[in-house]
Amino acid sequence: MTQHDKSHGAAYDRGGADYWYARPVDPHYYTNGTRTTDLTPKQRKAYIDGYEDGEADGGQKDWT
């Protein structure tokens, strides 16, 4: 199993948040409040893994 930085704003965290809020896949992360889309392959994998882990858990925000 791959270990990812799961801190707030990291790529894994953003992937999980995008899934939670039913947003489309859009690899990014935040550093010092700035949104960054220029990801390394490792960061891109972390984002996708975060999104897919959220999907596997099945929970999403209830907007009703």
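Considering only 49, 13, 38, the Gaussian network model of the chain with Cα springs below 10 Å gives its largest mean-square fluctuation to 38. Within the shell defined by Cβ-Cβ distances under 12 Å, the residues around residue 51 carry a net charge of -4, with Lys and Arg each +1 and Asp and Glu each -1. For the chain, the list of trypsin sites (Lys or Arg not before Pro) that fall in a loop by DSSP and count at most 16 other C-beta atoms within 10 angstrom reads 6, 61.
Looking at the chain, which chymotrypsin sites (Phe, Trp or Tyr not before Pro) are DSSP coil and have at most 10 other C-beta atoms within 10 Å of their C-beta?
Values: sites: 12, 19, 20, 21, 29, 30, 47, 51, 63; in loops: 21, 63.
Those that pass, being in a loop and sparsely packed, are 63.
What the Cβ-Cβ distance of residue 37 and residue 64 gives, at R0 = 30 Å and to the nearest 0.05, is a FRET efficiency of 0.45. Compared with the dominant principal axis of the Cα atoms in the chain, helix 11-20 is inclined by about 20°.
To the nearest ten degrees, helix 41-57 and the longest principal axis of the Cα atoms of the chain are 10 degrees apart.
FYI, it's all coordinate maths here, none of it is from the lab. On a predicted model such as this, the values are computed, not experimentally measured, just so you know. Neighbour counts run over all protein chains shown; Cβ positions are idealised from the backbone, glycine included.
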